[in-house]
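Take a look at the structure set out below.
The values are calculated or read from the model by the stated rules, or taken from the named source; none is laboratory data. Every value quoted in this text rests on a predicted model; they were computed, and no experiment measured them. Backbone-built Cβ (ideal geometry, glycine too); neighbour counts: all protein chains shown. Surface accessibility is based on the protein's heavy atoms, side chains included, excluding ligands, DNA and RNA. Shrake-Rupley method; radii C 1.70, N 1.55, O 1.52, S 1.80 Å.
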Amino acid sequence: MARKAWKQRSILPGFGLSMGFTVLYLSLIVLFPISAIFIKTSGMGWDKFWQTVLDPRVVAAYKVSFGTALGAALINVVFGFIVAWVLVRYTFPGKKLVDALVDLPFALPTAVAGIALTTIYSQNGWIGSLLEPLGVKIAFTPLGIMMALTFIGIPFVVRTVQPVIEELEKEVEEAAVSLGAGRLRTFTRVIFPELFPSLLTGFTLAFARALGEYGSVVFISGNMPMKTEIAPLLIMTKLEQYDYAGATAIALVMLVISFLTLLIINYLQWRANRHAVSA
């Protein structure tokens, strides 16, 4: 009887086939690889595992990866919002070109981006040579890593926030101004609450993309252990040394920390959406 009622409630056909395909796809692409990380790491033993993941070089790589990824994501939230706002609210010559350039990091191979940034910001580069007399060094420093991660992450914020800005009603802003609200108050009380969930989503995507980035960072970082070495590079080094268990142990720690971070961000998104609905 319950089965018959379920069939009557189904509007779209083919649920069983599509659900089976979904489970199979997620298993092959997501669950099985993640399970392999846990299985391979479990063969190490706790002593060897903690010795590997708490090695000073590995801990330093974690700090560089998570610190630069967080910094780049925060930068992208600010400047990605500004770019999206300009593209939606203003009309100017070359607007379509600027809009197309936003997607350039998607189309450009990450290795090419890393080589280009290293060439420009190195000591003898176009911009690096100008900053060198001022004592500012970008290439082969954490600042250079953050710049590369900012470059590859900004499209996620712009393309996430842009549709939301397009749907904002200008009449609400005009009503706030007519009631005596200044620009800052209008932004904080009217615009920002509507954009906060999308900004949080863009931040999440940019942070996740930056955390696992390898191609654009490996050139500009300099790969100096304890200083500019990132965790993905350390994983590749372990694999080249045929230390598969050590590589999966480092990857497992990154996976757990990333999952907890995304869980917290998703909770904040849920709170923000709930507050927006109740308001």
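Relative protection proxy for 69-75, 98-104, from highest mean packing down: 69-75, 98-104 (other beta-carbon atoms within 10 angstrom).
How many angstrom lie between the C-alpha centres of the stretch 15-59 and the stretch 244-273? Each part reduced to its Cα centre gives a spacing of 13 Å.
Applying 1/(1 + (r/R0)^6) with r as the Cβ-Cβ distance of K96 and K48 and R0 = 41 angstrom yields a FRET efficiency of 0.15. Using a probe of 1.4 Å on the protein chains alone, the accessible area found for V64 is around 20 Å².
Go through K40/K227; K63/K238; K63/K137 and tell me which ones have a Cα-Cα distance over 25 Å in this structure. Let's see the in-between values first.
Numbers: K40/K227 29 Å; K63/K238 18 Å; K63/K137 20 Å.
Over 25 Å apart, Cα to Cα: K40/K227.
Helix by helix, which DSSP H runs in the chain go 20 Å or more along their axis at the Cα atoms and have an average Kyte-Doolittle hydropathy of 0.0 or more?
Details: long enough: 56-89 (49 Å, 1.48); 142-167 (38 Å, 1.22); 192-211 (27 Å, 1.09); 244-278 (50 Å, 1.12).
Sorted by number, the helices that extend far enough and score high enough are 56-89, 142-167, 192-211, 244-278.
Let me make sure I get this right: for the stretch 1-159, a, b and c are the square roots of the gyration tensor eigenvalues over alpha carbons, sorted descending. Under 1.5 in a/c it's rounded, otherwise prolate if a/b > b/c, else oblate. Which is it? Before the final figure, lay out each step's value.
Working: a/c = 3.16, a/b = 1.33, b/c = 2.37.
Cα axes put the stretch 1-159 in the oblate bin.
Estimated from helices alone, the mean residue ellipticity of the chain at 222 nm is -23500 deg cm²/dmol (sum of -39500 (n - 2.57) over DSSP H runs with n ≥ 4, per residue). Charge tally around A72: other residues with Cβ under 15 Å, Lys/Arg +1 each, Asp/Glu -1 each, net +1. Can you compute the FRET efficiency between A181 and I265 using 1/(1 + (r/R0)^6), with r the Cβ-Cβ distance and R0 = 25 Å? Round to the nearest 0.05. Between A181 and I265 the formula returns 0.25. A Förster distance of 45 Å, applied to the separation of the beta-carbon atoms of D55 and R274, puts the FRET efficiency at 0.60. Which residues in the stretch 194-211 place their backbone N less than 12 Å from a point set 7 Å from the Cα of E167 along the Cα-to-Cβ direction? Those under the cut-off are 194-195, 197-198.
Provide the gained length on full extension for the span V136 to I39, in nm with one decimal, where the gain is 0.36 nm per separating residue minus the Cα-Cα distance. Walk me through the intermediate numbers first.
Working: separation 97, 0.36 × 97 = 34.92 nm, distance 4.53 nm.
Answer, rounded to one decimal: 30.4 nm.
Just the number please: accessible area per residue for the chain, 1.4 Å probe, all protein chains included, in Å².
Working: 17260 Å² over 279 residues.
With the other protein chains kept in place, the chain gives 62 Å² per residue.
Each Lys or Arg adds one and each Asp or Glu takes one away; over the other residues whose Cβ falls under 9 Å from the Cβ of T237, this sums to -2. The Cβ shell under 13 Å around R189 holds other residues with a net charge of 0, Lys and Arg each +1, Asp and Glu each -1.
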